[in-house]
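Comments concern the structure below.
The values are calculated or read from the model by the stated rules, or taken from the named source; none is laboratory data. All figures in this text were calculated on a predicted structure; none of them were measured in a lab. As a convention, Cβ positions derive from the backbone with ideal geometry for all residues, glycine included, and neighbour counts pool all protein chains shown. Surface areas here come from the heavy atoms of the whole protein model, side chains and all, with no ligands, DNA or RNA. Shrake-Rupley method; radii C 1.70, N 1.55, O 1.52, S 1.80 Å.
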Amino acid sequence: MLRISDFSWHTRHLDLLEVPAGECVVVTGPSGAGKSRLLRAVADLEPSTGLVEAFGAVRDETPAPAWRLQVSYLAATPGWWADTVAPHLTDLAAAAPLFDALGLAADCTTWQVSRLSSGERQRLALVRNLLLEPRVLLLDEPTASLDAETEAAAEQLIRDRLESGACALLVTHDGAQSTRLATRAVVLDAGETRVATL
Amino acid sequence: MNVIPLSYWDLGIAAGLVLLNALASLVLGLGLTRSLIIAGVRMTVQLALIGLVLVWLFSVQSPWWTLLVASVMLGMAGYEVYARQARRLRGFWAYGLGASSMVLSSVVVTLLALGALVQPEPWYDPRYAVPLLGMILGNTMTGVALGLDTLTTATVRDQAAVEARLALGHPRFDAMRVVVVPALRSGFIPIINSMAAAGVVALPGMMTGQILSGTPPEEAVKYQVLIMFLIAGATGAGVLMAVYGGVLRLTDGRHRLRLDRLKQADQSER
């Protein structure tokens, strides 16, 4: 379970959020409300205060690199640090079935990053995070650049991870995707942060 | 020693070349005219003043006055590094990081040269200490300024790449490697170029000066080789300290990227 309590980030405060294994909670609100920053703060990529626990591990008592292997943030615009795809992936053999599921060619590991489309980047970034097998997925608009068919494939991969014991926080502007993947939402309204049922 | 004396007329003709550059800048609208003229005037005044200071310093042979002159040189070098940064660390670190890296590397290498290699009598003889420190410091300053400027510029530019690695559980020094490597390269390249080109493309200024003033070429060459190695050693140490110190400031103990510790320098300050 992911448990966030008495949590302050950016200009926001959340009293309590518990996300049990198998559940995905969406984060909604207008642009600039702090949705991405909530995910980044939970991953400890930016300063915040409060208690964050994931499957028994307390964030502030866990070395940050070890925490992020378990609580993995996928940015809306993922970054790349090498010229080709392969150096970004920890296990090429384990990546092969994920490529297949997301409609990526088997030889995509040799592709130049600079020539990837935004949809290819988004899929490869999802693969990159899933290869770490994190217990908590922090997904920031992970399918915004995908067509309907690939979006469905990506959602199925996320569902598979939830069924195998992970949980997720998902930022999305797609209301239909929210109801497909989640039954609860963290709503960031003007001046108010609350947990609501969809 | 048979030095051919230079007249002020000779210096004036040479200065005319800079004025021609300034004129070209004016005609082409490059916006460099003012900077070129100010830099030329500044250099002339600074060198004339240091000439007077050196005449006096060599005559008094005092370790304290030598230390004071060295301190002023170190302080000015620190300011020059600070002034060359497009983005600066906030607070003390804006000046402190570059200055401390330079002071530590330059002073240690200069003391090594004075104490163990050149061994003048007394060891602090300003005739050796001041020019040695000046040459080492000047080059270290260039390396540190380039290294720090590349580090901060690249960190802002490649923020997404660094944060992607941090988010995937990479420790901060691994994650920052994508910006550290170009920063170290830019800091090291000037001295690598200087060493590689010495004697083939360019005759170093100190060696040329010694030969012109009558020193036998083989002695001048030995001094130049020594100086180049000292400069390379000090520059390398200074750049490494400044860049890795910068990485420590641009990240924190929780392995987060801290761009909030950077600010854009005012254009007028550069």
Placing each pseudo-label 7 Å from Cα in the direction of the beta carbon, residue B:266 and residue A:60 end up separated by a distance in nanometres of 3.9
Explain nothing, just compute: Karplus ³J(HN,Hα) = 6.51 cos²θ - 1.76 cosθ + 1.60, θ = phi - 60°, for every residue of the range A:148-154 in order, whole Hz, x for Gly and Pro. 4, 5, 5, 4, 4, 5, 5
Rounded to one decimal in nm, the spacing of the 7 Å Cα→Cβ label points at residue B:259 and residue B:39 is 3.0
What is the spread of the Cα atoms of the range B:1-60 along each of their three principal axes, largest first, in whole Å? 49, 24, 14
A plus B alone minus the pair: what accessible area, both sides summed, probe 1.4 Å, in Å² to 100? 1600
Using only Cα atoms, tell me the angle between helix B:126-157 and the longest principal axis of chain B; keep it within 0 to 90° and round to the nearest 10. 30
Residue B:13 accessible area, 1.4 Å probe, all protein chains in place, Å² to nearest 10: 100
Thinking of the range B:24-97 as a set of Cα atoms, what percent of all their pairs are more than 15 Å apart? 71
Inter-chain shielding metric for B:164-177, i.e. average beta-carbon neighbours from other chains within 10 angstrom, reads 6
With a cap of 15 neighbouring Cβ atoms within 10 Å, and only residues DSSP puts in a loop, list the chymotrypsin sites (Phe, Trp or Tyr not before Pro) found in the range A:38-119. A:55
Just to confirm the number: angle between the C-alpha axis of helix B:33-60 and the first principal axis of chain B, 0 to 90 degrees, nearest 10? 60
Regression test value, accessible area per residue of the range B:13-162, probe 1.4 Å, units Å², expected 54
Given 25 °C and 0.890 mPa s, how large is the Stokes-Einstein diffusion coefficient of the range A:38-101 in µm²/s, with Rh as the Kirkwood radius over Cα pairs? 176
Overall form of the range B:90-151 per C-alpha gyration tensor (a/c, 1.5; a/b vs b/c): prolate
Is the C-alpha gyration tensor of the range B:226-267 telling us rounded, prolate or oblate? Criteria: a/c under 1.5 is rounded; beyond that, a/b larger than b/c is prolate, otherwise oblate. oblate
If you average the alpha carbon positions of the range A:44-110 and of the range B:203-270, how far apart do those two centres end up, in angstrom? 38
Using a 1.4 angstrom probe and counting only protein chains, how large is the accessible area of residue B:73 in Å², to 10? 40
Whole-percent carbon and sulfur share, accessible surface of the range B:63-269, 1.4 Å: 65
Whole number please: convex hull volume per residue of the Cα set in the protein assembly as shown, in Å³? 204
Expressed as a whole percent, how much of the Cα-Cα distance distribution for the range A:38-145 exceeds 19 Å? 46
For the range B:10-16, in order, what is each residue's ³J(HN,Hα) by Karplus, 6.51 cos²θ - 1.76 cosθ + 1.60 with θ = phi - 60°, in whole Hz (x at glycine and Pro)? 4, 5, x, 5, 4, 5, x
What distance in nm separates the two pseudo spin-label positions at residue A:198 and residue B:208, each 7 Å out from Cα along the beta-carbon direction? 7.3
How large is the Rg to Rh ratio of the range B:63-269 when both quantities use alpha carbon positions and Rh follows Kirkwood? 1.04
Hey, any idea what % of the range B:1-60's accessible area is carbon plus sulfur with a 1.4 Å probe? 77
Given the DSSP H assignment, sum -39500 (n - 2.57) over each helix run of at least 4 residues in chain B and divide by its residue total; what's the result at 222 nm in deg cm²/dmol, nearest 500? -25000 deg cm²/dmol
Range of Cα positions in chain A per principal axis (Å), largest first: 47, 37, 30
Starting from the range B:71-117, pick out the chymotrypsin sites (Phe, Trp or Tyr not before Pro) whose DSSP state is loop and whose Cβ has at most 13 other Cβ atoms within 10 Å. B:92
